[in-house]
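Input: a single structure, listed below in structure tokens.
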Amino acid sequence: MKSFFHVSDIGDLSAALQEAAEVKRTPFAWKALGENKTIMLVFFNSSLRTRLSSQKAALNLGMSPIVLNIGQDSWKLETEMGVVMDGDKSEHLREAIPVMAGYCDIIGVRSFAGLTDRAYDYAETVLRQFIEYGGKPVISLESATVHPCQAFADLITIEEYRRGPRPKVVLTWAPHPRSLPQAVPNSFAEWMNAADVELVITHPEGYELDPAFVGNARVEYDQMKAFEGADFIYAKNWSCPGVTDPSQYGRVLSQDRSWTVGTRQMAVTNDAFFMHCLPVRRNMIVTDEVIDAPTSLVIPEAANRTVAAQVVMKRMLEDLQP
Amino acid sequence: MKSFFHVSDIGDLSAALQEAAEVKRTPFAWKALGENKTIMLVFFNSSLRTRLSSQKAALNLGMSPIVLNIGQDSWKLETEMGVVMDGDKSEHLREAIPVMAGYCDIIGVRSFAGLTDRAYDYAETVLRQFIEYGGKPVISLESATVHPCQAFADLITIEEYRRGPRPKVVLTWAPHPRSLPQAVPNSFAEWMNAADVELVITHPEGYELDPAFVGNARVEYDQMKAFEGADFIYAKNWSCPGVTDPSQYGRVLSQDRSWTVGTRQMAVTNDAFFMHCLPVRRNMIVTDEVIDAPTSLVIPEAANRTVAAQVVMKRMLEDLQP
Amino acid sequence: MKSFFHVSDIGDLSAALQEAAEVKRTPFAWKALGENKTIMLVFFNSSLRTRLSSQKAALNLGMSPIVLNIGQDSWKLETEMGVVMDGDKSEHLREAIPVMAGYCDIIGVRSFAGLTDRAYDYAETVLRQFIEYGGKPVISLESATVHPCQAFADLITIEEYRRGPRPKVVLTWAPHPRSLPQAVPNSFAEWMNAADVELVITHPEGYELDPAFVGNARVEYDQMKAFEGADFIYAKNWSCPGVTDPSQYGRVLSQDRSWTVGTRQMAVTNDAFFMHCLPVRRNMIVTDEVIDAPTSLVIPEAANRTVAAQVVMKRMLEDLQP
């Protein structure tokens, strides 16, 4: 695997899920793979789960993680080509990427969407530079438009908890005080489309996700209707994806608290499990009752982040073996 | 050991001191214990000794440390229950704690007192949430009211340097430009009360420590009288503990430089050793002469932080063995 | 090796270069040396290459790196003696150094020049305190006046790419928007003087480097003349070294863009390789054309940072063996 970015990078999903189950059962069984290997975890943005689960996954595989916080441990990096660098950025990605790649065997990169220029974000400019200039396998630790480590962990969790074949999975928008990227809902939709589930996406008008990620999902603007008979509710806020009007990209179009997931909505589901990628704003995204209920999967879902990351790193390490 | 918080958690002190001596002699003898084990070191506040000695202790035991700086590597965490999270805090401790615990085998937490609400601080709200929601052994790396890793290292140091049985140990307040927590004097008093020493506590009026920590110690408001015949002087600043008047909690009541430990006070001691947990403000807490004298133990005391942390982690790892 | 600071610390350069080639060929051959050993990497300033290559070098040798960012992970440190510490600095280097040294086997320190007081900077006050108070081997990870890890990596790179004996190496000043230290040009000049190369240094008047580093190099104020027939161009900005007038120390005397290294200057060289320590300001220090040309060595030069650091650490570890 040269990069982990889209669902297609993981290949057959049944095989991946089976491998995830094995990794979860015997996490230390592949420690020889990571011997003398180093993974560089580069953070342009804050992180809790991704930062920790990636380190844990690497350690489980016998690999040494090196963490770098750009703009904190290091300086700010220029990402545009052809500029005269007389401002506040001391180094260009064009140098920084191959340099960092030279000190490791795998690179993971967190680089959020700027949410001001849709074309720039959806071109995944930063991540693509890592792939192009690094010459080492690259893992997206949430980049501008995708968060595949999260979506893979979500799929593992759904596989573990589903009560039958082809569960109904509802991805629902929920309110938030700030403008957030679309990476999580994009990847979740992409992975659910590839998996054996019935996917419904619900959000207020204007929040339509990019068609490349929506795929064959049913889009339903009535949240209550969408929730009917659902087996899994996956809540997440996102800002306007700007699909029809790019000038709206990144805007907060609604803070409608009637979309906050509560017992009212959960009542019409098939006793659905509640999921969220975390961090979650309590009583904005979801009420205390729903997230504290026994059907809430947010903690096992987070724990599966290690499993997902470990499968991805394991495959990359296997490809690196002589 | 499920948590390391109070002196009672370490059990018999003689046994603990003997184990500390063994760990100091052969620090790498228990590396098998930590194999495939991870300790998460969570810092809500800055740290030098605790950060480094905890990592070193973990490495000595063959364990992998993962360090997380809250609000720097990650985002700010909400600690109150039931709030609508529409402010600057992106995640609740209620999620963050079990998530972090899911990626490790032991958690260490540094979380200073806020020094504005005595009841909140003395309830050890943050640390107790780690114990309640984490489900993993928890080490206080200085929490609101205690700093047991420091006190254990202090006891080890006194045991190493005492010239006879039952030494006289004086805990003295000293001036400082800022308002500081009571965690260090609290734990020092608690541990000395449990140890075989004669404990005297001296400070200006109004700085009375919580009775739960003062125990059977003699409190003496005349610093010179307290120092008479002392074998060990342990200096530390703390802010008003607010025992009689909680509204005074956290205030700086005095900056009286006559309390700065100098040769004048040391002259009436039994050629006492000088101790301080560090960081120390020179010529505020203690004069250059006293801290630079051969009787100053601040450096061996800091070095014993690794030994203390290693004994605690070793016991936790032993409890985790199948 | 008790410290790595000046070129003389590495001893015979031919032997060092041969050892570097071996380390590069079989980086993991000395993992037993670092068993149970810890290196403390202390950063008073930001770092990318040094931070990462030092960690990688330590890991290659089986050693555990512990990274500490002063003023971020920890608090600010006082460096002056005899002061009453009633300001914003919580701890004195006099304590912090032996404390840190107590938790490791080797210390690396990054501490940039302040660029306001020439005498203070050129006395290498901070680094010398680490050597004096730490009692452990000390590596300069760029201190006030030298950057030996960089210069050693530069020498390794020149050795790898030179087309014949005694190449002509030109160190050229180039413009930059900010005031930068002289550590890199100082060490480069020092190492080149000790190596078998013809060294020419070129810069606008007023930028004369300290004679202790210039050594026997030819100084040429006409950049084009200096470049004639050169085999390696080493570009770097530095601020006024204040050799003749200490009051000018640290000033930006010129931002003359005609000194930016471009195809015009490279045309008069012997198809010279271009080198820079990075981070580099594109189109200030060097044009895109020159740095993106096949003769640009900035990436292999950065990769050799691991090799240089590993040779230094390897020798220190060998000296620590019983």
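Brief remarks on what is shown
- No other residue among B:R305, B:R315 is over 19 Å from B:D222 (Cα atoms) and facing another protein chain (nearest Cβ under 10 Å) apart from B:R305.
- One residue stands out among those in the range B:196-208 that are under 22 Å from B:G164 (Cβ atoms) and either without any contact (Cβ under 8 Å) to a residue 24 or more places away in the chain or part of a loop (DSSP other than H, G, I, E, B) (or both): the one that is most open to solvent (accessible area, probe 1.4 Å), which is B:D196.
- So A:R257, is it surrounded by fewer than 17 Cβ atoms within 10 Å (Cβ to Cβ), over 26 Å from B:I97 (Cα atoms) and touching a strand residue (DSSP E or B) at 6+ places or on another chain (Cβ under 8 Å): no
- Residue pairs meeting the criteria (Cβ under 7 Å; at least 6 apart or on separate chains; first more than 14 Å from every other protein chain (Cβ to nearest Cβ), in the range C:255-283; second open to solvent by 60 Å² or more (accessible area, probe 1.4 Å)): C:T263/C:E289; C:V268/C:E228; C:F273/C:Y161
- In this entry, A:P181 passes the filter for residues that are crowded, with 23+ Cβ neighbours inside 10 Å and within 14 Å of another protein chain (Cβ to nearest Cβ).
- Residues that are within 19 Å of A:H147 (Cα to Cα) and open to solvent by less than 10 Å² (accessible area, probe 1.4 Å), drawn from the range A:214-241: A:I233, A:Y234, A:A235, A:N237, A:W238, A:S239, A:C240, A:P241
- Given (1) open to solvent by 10 Å² or more (accessible area, probe 1.4 Å); (2) of a type in the set (A, V, I, L, M, F, W, C); (3) at the interface with another protein chain (Cβ under 7 Å from one of its Cβ atoms), number of the condition C:V67 does not satisfy: (3)
- Candidates B:D154, B:D117: the one that is of a type in the set (D, E) and closer than 20 Å to B:S47 by Cβ is B:D154.
- Test for C:P211: is it open to solvent by 10 Å² or more (accessible area, probe 1.4 Å), in contact (Cβ under 8 Å) with a residue 60 or more places away in the chain and either in contact with an Asp or Glu (Cβ under 9 Å, 6 or more places away or on another chain) or not small (G, A, S) (or both): no
- Only residues that are touching a helix residue (DSSP H, G or I) at 6+ places or on another chain (Cβ under 8 Å), closer than 22 Å to B:V126 by Cα, not in a strand (DSSP E or B) and not charged (D, E, K, R) were counted in the range B:57-77, giving 1.
- The lone exception for A:F112 - which of (1) out of contact with any strand residue (DSSP E or B) (no Cβ under 9 Å at 6 or more places or on another chain); (2) aromatic (F, W, Y); (3) over 30 Å from B:M85 (Cβ atoms) it fails: (3)
- Of all residues in the range A:71-80 being of a type outside the set (D, E) and at the interface with another protein chain (Cβ under 8 Å from one of its Cβ atoms), the one that is surrounded by the most Cβ atoms within 10 Å (Cβ to Cβ): A:S74
- Scanning the range B:94-119 for residues being more than 11 Å from every other protein chain (Cβ to nearest Cβ) and closer than 16 Å to A:A302 by Cα gives a total of 0.
- Residues in the range B:24-46 that are buried (at least 23 other Cβ atoms within 10 Å of the Cβ) and either among the polar types (S, T, N, Q) or in a helix (DSSP H, G or I) (or both): B:G34 only.
- For C:L41, the conditions (1) closer than 21 Å to B:L59 by Cα; (2) over 24 Å from the mean Cα position of the chain (by Cα); (3) hydrophobic (A, V, I, L, M, F, W, C); (4) within 14 Å of chain B (Cβ to nearest Cβ) all hold with the exception of (2).
- Selected residue [more than 9 Å from chain C (Cβ to nearest Cβ), among the hydroxyl-bearing types (S, T, Y) and under 21 Å from B:W238 (Cα atoms)] from B:T295, B:T287: B:T287
- Only one of the listed residues (B:M85, B:M1) is closer than 30 Å to B:A123 by Cβ, hydrophobic (A, V, I, L, M, F, W, C) and facing another protein chain (nearest Cβ under 9 Å). That residue is B:M85.
- Scope the range C:1-20; condition hydrophobic (A, V, I, L, M, F, W, C) and surrounded by fewer than 18 Cβ atoms within 10 Å (Cβ to Cβ); matching residues: C:L13, C:A15
- Residues that are surrounded by fewer than 24 Cβ atoms within 10 Å (Cβ to Cβ) and free of Cβ contacts under 8 Å to residues at least 60 places away in the same chain do not occur anywhere in the range A:168-178.
- Filter result (over 20 Å from B:D196 (Cβ atoms) and touching a residue at least 60 places away in the same chain (Cβ under 8 Å)) within the range B:214-240: B:A235, B:K236, B:N237, B:W238, B:S239
- Entry remark, the range B:213-235: residues being at positive phi and in contact with a helix residue (DSSP H, G or I) (Cβ under 7 Å, 6 or more places away or on another chain) number 1 in total.
- Matching entry among A:A309, A:A267, A:A272, A:A302 (being hydrophobic (A, V, I, L, M, F, W, C) and open to solvent by 10 Å² or more (accessible area, probe 1.4 Å)): A:A267
- Residue ID - nearest to C:L317 (Cα to Cα), chosen from residues in the range C:24-37 that are in contact (Cβ under 8 Å) with a residue 40 or more places away in the chain and away from chain A (no Cβ under 14 Å): C:L33
- When we screen C:Y133, C:Y122 for residues that are under 30 Å from C:V252 (Cα atoms), open to solvent by 30 Å² or more (accessible area, probe 1.4 Å) and more than 7 Å from every other protein chain (Cβ to nearest Cβ), the only hit is C:Y122.
- Flag if B:E142 is in contact with a strand residue (DSSP E or B) (Cβ under 9 Å, 6 or more places away or on another chain) and either without any contact (Cβ under 8 Å) to a residue 12 or more places away in the chain or open to solvent by 10 Å² or more (accessible area, probe 1.4 Å) (or both): yes
- Hey, A:S54 in contact with a Pro (Cβ under 8 Å, 6 or more places away or on another chain) and either under 18 Å from A:M100 (Cβ atoms) or outside any helix (DSSP H, G or I) (or both) or not: yes
- Yes/no for A:L61 being closer than 24 Å to A:L317 by Cβ, crowded, with 20+ Cβ neighbours inside 10 Å and more than 12 Å from chain C (Cβ to nearest Cβ): yes
- B:V126 satisfies every condition listed in (1) out of contact with any helix residue (DSSP H, G or I) (no Cβ under 9 Å at 6 or more places or on another chain); (2) modelled with pLDDT under 95 except (1).
The values are calculated or read from the model by the stated rules, or taken from the named source; none is laboratory data. Since the model is a prediction, treat every value here as computed from it, not as a measurement. With ideal geometry, Cβ positions are generated from the backbone for all residues, glycine too; neighbour counts draw on all protein chains shown. All accessible areas refer to the heavy atoms of the entire protein, side chains included, with ligands and DNA or RNA removed. Shrake-Rupley method; radii C 1.70, N 1.55, O 1.52, S 1.80 Å.
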